[in-house]
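Below is one structure, written out as structure tokens, with a few remarks after it.
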């Protein structure tokens, strides 16, 4: 059973803290060491970005957030010189929100399973008809590939971000053995499925393991793409021969029942 860790600070709160403290640090450094840098806004913004990324690192924010901290202020300064109408920024924000939705809450970015990894997952499915669920199915690429490879099986995908959910629905049209549902997979009981697939992030893996242990059947298979369950030994790992060197972790959470 994985150890319980202290509740993590919200990524949004961490981002705000990183930007605020980064601004204070950068402002103090520039004022004390080289005040003329204020005359070069992009250079001053880059110093702020470096300071914000450093604060983010100290606050143990995920690696991708550190890059956001680094680039945020320089991009704001650069964009302000382009003369782009504010409506375009609003439109871009809405599109990003619809694609990534509440990543700050779920702490799960949009990861897509490539075709080579999907082939490896297909090879893991039981030889008999079974039920498979993809937790956070993204654009539905894995579901559509598996459904075509195994028309005898039933596949369910859960996605909480509006645009990827719509994309997955369109991609799986005409596949009678696929259901794509909008919502939060935490409310979905896993005991209905022989195979549970997840490509999430390190953040929710301990909670997912507890859910799987409590709900999955003894012979049920949990497949995690790239992210291992902390303090739980996989029954097998599969290295996929793709460009990103994907590793699949296989578990039987219900085996102890």
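A short reminder: the numbers here are calculations on the coordinates, not readings from a lab. Just so it is clear, the model here is predicted, and its values are computed rather than measured. Cβ coordinates were reconstructed from backbone atoms using ideal geometry, including for glycine residues, and neighbour counts include every protein chain displayed.
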Rounded to the nearest 0.05, what FRET efficiency do residue 250 and residue 148 have when you use their Cβ-Cβ distance and R0 = 25 Å? 0.65
Within 10 Å of each residue's Cβ, count the other Cβ atoms and sort 143, 46 from fewest upward. 46, 143
One point scatterer per Cα, no solvent, Debye formula: log10 I(q)/I(0) for the chain at q = 0.09, 0.14, 0.15, 0.17 Å⁻¹ comes out as -0.51, -0.99, -1.08, -1.26
How high is the relative contact order of the chain, in percent, with contacts defined as C-alpha pairs under 8 Å that are six or more residues apart? 15 percent
Share antiparallel - DSSP beta bridges, the chain, percent rounded to 5: 30 percent
Given points 7 Å out from each Cα along the Cα-Cβ axis, report the residue 124 to residue 20 separation in nanometres with one decimal. 4.2 nm
Quick one: 24, 185, fewest Cβ neighbours within 10 Å first, how do they rank? 24, 185
Classify segment 119-227: rounded, prolate or oblate, from the alpha-carbon gyration tensor (a ≥ b ≥ c, eigenvalue square roots; a/c under 1.5 rounded; otherwise prolate if a/b is larger than b/c)? oblate
How big is the Kirkwood radius of segment 11-83, worked out from every pair of different alpha carbons and given in Å to one decimal? 12.1 Å
How would 246, 237 line up from fewest to most surrounding beta-carbon atoms within 10 angstrom? 237, 246
What is the extension gain from residue 80 to residue 166, computed as 0.36 nm multiplied by their sequence separation minus the C-alpha to C-alpha distance, in nm to one decimal? 27.7 nm
Rounded to the nearest 500 deg cm²/dmol, what is the calculated helix-only ellipticity per residue at 222 nm for the chain, with -39500 (n - 2.57) per DSSP H run of length n ≥ 4? -14500 deg cm²/dmol
Which whole-number percent gives the relative contact order of segment 115-256, counting Cα pairs below 8 Å spaced six or more residues apart? 21 percent
Rounded to 0.05, the calculated FRET efficiency for the beta carbons of residue 203 and residue 29 at R₀ = 41 Å is 0.80
